[in-house]
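Undergrad: Below you'll find the structure I mean.
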């Protein structure tokens, strides 16, 4: 009887501990989600993305404060190699992509390379951003690699290479739309379709584990007292 009692008490304590761990995880992700929401709201108040669309499309050739950008497909390669030129110099080659030649402007490349103009509402200054997904097509690697080129109003070009884990706050904004999922700075949870449902389910599971563990422990103690009487 003593061995059986110890076994049930161990199960009871384990359920409570598991429940507490789950609740702590939920609390962590909830705090991170709140931080992400506050950051996103602050960004939206300060910055704005300016549309580059003309006649329903974004031209592959752009000139921003004296800096010329051009994106095109290398004609001899199969599958396609997407070329980015800055001031008529080849800056990046993205190999192994399927490109629909019937689409116009930047649309054929939208899943690999995008142009954006970001305006600071407080200062009125603009930056042109070129976002690239540089992950090799045939590379079996879960880490997605990105690169951005930012051009300020003085025509100065800055290059940045980063991954999902090493991105900065602004870089989370620059790669939106170019990746299959939206990556936040603190957490991706607010941008996932089932994010809230996942938190609710985990919270419920944690509470059930704690409640079940406490109920089991109390039942054992009550039975022991009844048997002793």
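The values are calculated or read from the model by the stated rules, or taken from the named source; none is laboratory data. Everything numeric in this text was worked out from a predicted model, so none of it was measured. Neighbour counts run over all protein chains shown; Cβ positions are idealised from the backbone, glycine included.
Undergrad: Determine, yes or no, whether residue 82 is touching a residue at least 40 places away in the same chain (Cβ under 8 Å) and within 15 Å of residue 114 (Cβ to Cβ).
TA: Values: touching a residue at least 40 places away in the same chain (Cβ under 8 Å): no; within 15 Å of residue 114 (Cβ to Cβ): yes.
No.
Undergrad: So, in region 60-90, how many residues would count as being surrounded by fewer than 17 Cβ atoms within 10 Å (Cβ to Cβ), at negative phi and not in a strand (DSSP E or B)?
TA: Residues flagged as surrounded by fewer than 17 Cβ atoms within 10 Å (Cβ to Cβ), at negative phi and not in a strand (DSSP E or B) within region 60-90 amount to 6.
Undergrad: Any idea how many residues of region 62-78 are in contact with a strand residue (DSSP E or B) (Cβ under 6 Å, 6 or more places away or on another chain) and in contact (Cβ under 8 Å) with a residue 40 or more places away in the chain? Give the derivation first.
TA: First pass over region 62-78, keeping only residues in contact with a strand residue (DSSP E or B) (Cβ under 6 Å, 6 or more places away or on another chain): 62, 64, 67, 69-74.
Going one step further and asking which of them are in contact (Cβ under 8 Å) with a residue 40 or more places away in the chain, we end up with 62, 64, 67, 69, 71.
Final tally of qualifying residues: 5.
Undergrad: Taking residue 29 as the residue in question, decide whether it is touching a residue at least 60 places away in the same chain (Cβ under 8 Å) and assigned by TED's automatic domain parsing to the domain that holds residue 126.
TA: On the way: touching a residue at least 60 places away in the same chain (Cβ under 8 Å): yes; assigned by TED's automatic domain parsing to the domain that holds residue 126: no.
Criteria not met by residue 29.
Undergrad: Please tell me if residue 19 is touching a residue at least 60 places away in the same chain (Cβ under 8 Å) and assigned by TED's automatic domain parsing to the domain that holds residue 126.
TA: Values: touching a residue at least 60 places away in the same chain (Cβ under 8 Å): yes; assigned by TED's automatic domain parsing to the domain that holds residue 126: no.
Criteria not met by residue 19.
Undergrad: Could you look through region 181-196, keep only residues that are out of contact with any helix residue (DSSP H, G or I) (no Cβ under 8 Å at 6 or more places or on another chain) and modelled with pLDDT under 85, and pick out the one that is farthest from residue 149 (Cα to Cα)?
TA: 196
Undergrad: Filter region 112-133 down to residues that are assigned to a loop (DSSP other than H, G, I, E, B) and either touching a residue at least 60 places away in the same chain (Cβ under 8 Å) or farther than 24 Å from residue 47 by Cβ (or both), then give me how many there are.
TA: Initially, region 112-133 is screened for residues assigned to a loop (DSSP other than H, G, I, E, B), giving 112, 121-125.
With the extra rule that they be either touching a residue at least 60 places away in the same chain (Cβ under 8 Å) or farther than 24 Å from residue 47 by Cβ (or both), the set shrinks to 112, 121-122.
Matching residues across region 112-133 total 3.
Undergrad: If we scan region 91-111, do we find a residue that is surrounded by 18 or more Cβ atoms within 10 Å (Cβ to Cβ), out of contact with any strand residue (DSSP E or B) (no Cβ under 6 Å at 6 or more places or on another chain) and outside any loop (DSSP other than H, G, I, E, B)?
TA: yes
Undergrad: Still on this structure, I have one more. Can you find, within region 147-180, the residue that is modelled with the lowest pLDDT among those that are touching a helix residue (DSSP H, G or I) at 6+ places or on another chain (Cβ under 7 Å) and under 23 Å from residue 107 (Cβ atoms)?
TA: So the residue we want is 173.
Undergrad: Out of the residues in region 186-215 that are in contact (Cβ under 8 Å) with a residue 12 or more places away in the chain and either within 17 Å of the chain's Cα centre (by Cα) or not in a helix (DSSP H, G or I) (or both), state the one that is surrounded by the fewest Cβ atoms within 10 Å (Cβ to Cβ).
TA: 195
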